[in-house]
Amino acid sequence: MHEWALAESIVMAAVETAQKEKLKTITEVTVHIGELQQIEKEIFLFALNELAKSQKPKIKNDAFHLKTEKSTLVCKTCGHCWKYSDMKKKLNETESESIHFIPEVVFVHARCPSCGSPDFEITKGRGVTLTSIKGVR
Amino acid sequence: MEPRTSVIEKRLKNIKRIIAVASGKGGVGKSLVASSLALHLAHNGHKVGLLDLDLYGPSSHIILGIKDEFPAEEKGIIPPTVHGISFMSIVYFTQEKPSPFRGVDISNIILELLAITQWGSLDFLIIDMPPGIGDETLDVIRYMKTSEFLVVTTPSKVAMGAVSKLLKILIELKKPVLGVIENMTMTDSSFIKQEVKKLNVRYLGKIHFDETLEEAIGNADRLAETQAMKNLTVILMEINL
């Protein structure tokens with residue numbers, strides 16, 4: 001359950017931001033979950049809510065909103081665009097799990113489906129990002 | 001917003017010392033020094049972690065003979081303990097395949113590893129650095145603020161040229177440099193010692209070229225018995241390690 005570690009980074013970043021902005025309560029935190037990281041959403045949300053209980057400033061119940069972000073992979077060699085979900089079936093369980101831990105190892109285990117190049121980039125949907133925080137002062 | 005940077009300090013807070021074994025040049029024996037240093041400290045009863053940050057060519061696991069290990073998952077990932085060393089490497093996730101990473105990917109991998117690795121409490125975290133002053137070195141300086149540097153060179157003027165550049169940037173950034181180890185020496189030349197002294201950095205001593213070393217690679221017990229390890233132990237005593 002390495003989702004806990006990522007949830008902890010979200011909660012700490014939200015708290016840091018709220019402290020800078022002098023918020024007394026955090027009411028809403030929007031988190032984008034990139035497709036490549038293959039986060040277990042329920043576990044992640046559970047971890048966020050558990051970690052939120054002991055924070056200052058206070059984080060309101062059910063403050064976390066999760067949005068899944070589809071990935072876009074773009075080949076630097078031939079320009080082909082594709083999604084991780086298009087190629088996931090071709091990867092074995094170990095490869096897929098490795099990408100779950102470190103999304104960049106997709107460059108190790110996958111190739112451009114059009115030209116076979118390993119030189120592609122993740123332009124969308126890599127991992128977990130904190131996209132917005134709302135609160136009251 | 002990048003959330004992972006917020007949690008790194010917490011992940012590292014119970015580590016007493018972080019020592020990055022670095023060089024401006026590849027092939028000078030950084031991984032051997034880093035692995036041997038970790039073994040030496042573990043043998044002396046310290047709690048030790050070893051992080052291989054050479055993402056293109058990780059080799060600490062080859063030197064220490066670490067195979068068929070994988071981190072446990074618990075509120076992050078917990079490095080397996082081998083030879084008394086908590087060992088973390090990209091190799092768990094690349095399975096020895098080629099790793100064609102660009103700079104931005106390198107930084108993302110380092111951030112991810114630092115954010116999700118649960119080291120627990122350690123006396124020492126040793127980092128096996130890749131050569132040069134690229135992303136990995138800059139990221140270690142940026143995110144692992146307490147890191148100290150142990151620099152390795154060979155007697156070659158070519159190696160020292162690149163090592164001088166690394167030393168100069170570390171000095172400019174006011175990073176603690178424990179000193180320079182001269183590895184694989186075959187003569188009594190004092191060239192490296194003089195060059196290091198010009199930069200006001202401590203010259204720590206020589207590890208003589210050891211023909212038997214290659215046979216000890218992959219076997220931590222045999223490694224500990226090599227002349228190279230004996231030379232290193234003397235050097236490490238100089239800096240109370």
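Checking the stated criteria, B:T212 turns out not to satisfy the condition of being at pLDDT 95 or above and hydroxyl-bearing (S, T, Y).
Residues of the stretch A:1-29 that are surrounded by fewer than 16 Cβ atoms within 10 Å (Cβ to Cβ), polar (S, T, N, Q) and within 12 Å of another protein chain (Cβ to nearest Cβ): A:Q19 alone.
Looking across the stretch B:1-52, the residues that are within 14 Å of chain A (Cβ to nearest Cβ), in a helix (DSSP H, G or I) and under 21 Å from B:I78 (Cβ atoms) come down to B:S6, B:V7, B:I8, B:E9, B:K10, B:R11, B:L12.
Among the residues of the stretch B:152-166, are any assigned to a strand (DSSP E or B) and not charged (D, E, K, R)? Yes; the residues of the stretch B:152-166 include at least one that is assigned to a strand (DSSP E or B) and not charged (D, E, K, R). Just one residue in the set B:A228, B:A162, B:A220 is surrounded by 13 or more Cβ atoms within 10 Å (Cβ to Cβ), in contact (Cβ under 8 Å) with a residue 60 or more places away in the chain and over 26 Å from B:L39 (Cβ atoms); that residue is B:A162. Would you check if A:D62 is assigned by TED's automatic domain parsing to the domain that holds A:T25 and loosely packed, with under 14 Cβ neighbours inside 10 Å? The answer is yes for A:D62.
Being within 14 Å of another protein chain (Cβ to nearest Cβ), surrounded by fewer than 15 Cβ atoms within 10 Å (Cβ to Cβ) and in contact with a strand residue (DSSP E or B) (Cβ under 9 Å, 6 or more places away or on another chain) is true of A:K76. Residue count for the stretch A:117-132 satisfying the condition of being at the interface with chain B (Cβ under 8 Å from one of its Cβ atoms), in a loop (DSSP other than H, G, I, E, B) and either touching a Ser or Thr at 6+ places or on another chain (Cβ under 8 Å) or of a type in the set (A, V, I, L, M, F, W, C) (or both): 2.
In this structure, is B:I127 surrounded by 23 or more Cβ atoms within 10 Å (Cβ to Cβ), touching a residue at least 40 places away in the same chain (Cβ under 8 Å) and assigned to a strand (DSSP E or B)? So that I can check it myself, show each step before the final result.
Values: surrounded by 23 or more Cβ atoms within 10 Å (Cβ to Cβ): yes; touching a residue at least 40 places away in the same chain (Cβ under 8 Å): yes; assigned to a strand (DSSP E or B): yes.
Criteria met by B:I127.
Considering the stretch B:109-124, the residues that are facing chain A (nearest Cβ under 10 Å) and over 16 Å from B:T137 (Cβ atoms) include one that is surrounded by the fewest Cβ atoms within 10 Å (Cβ to Cβ), namely B:Q118. Scanning the stretch B:131-143 for residues that are surrounded by fewer than 21 Cβ atoms within 10 Å (Cβ to Cβ), in a loop (DSSP other than H, G, I, E, B) and in contact (Cβ under 8 Å) with a residue 60 or more places away in the chain yields B:G132, B:I133. Scan the stretch B:84-105 for residues that are in contact (Cβ under 8 Å) with a residue 40 or more places away in the chain and within 8 Å of another protein chain (Cβ to nearest Cβ) and jot them down. Across the stretch B:84-105, the qualifying residues are B:S99, B:F101.
The values are calculated or read from the model by the stated rules, or taken from the named source; none is laboratory data. What you are looking at is a predicted structure, and each value in this text was computed from that prediction instead of being measured. A quick note on method: Cβ atoms are made from the backbone with ideal geometry, for glycine too, and the neighbour counts reach across all protein chains shown.
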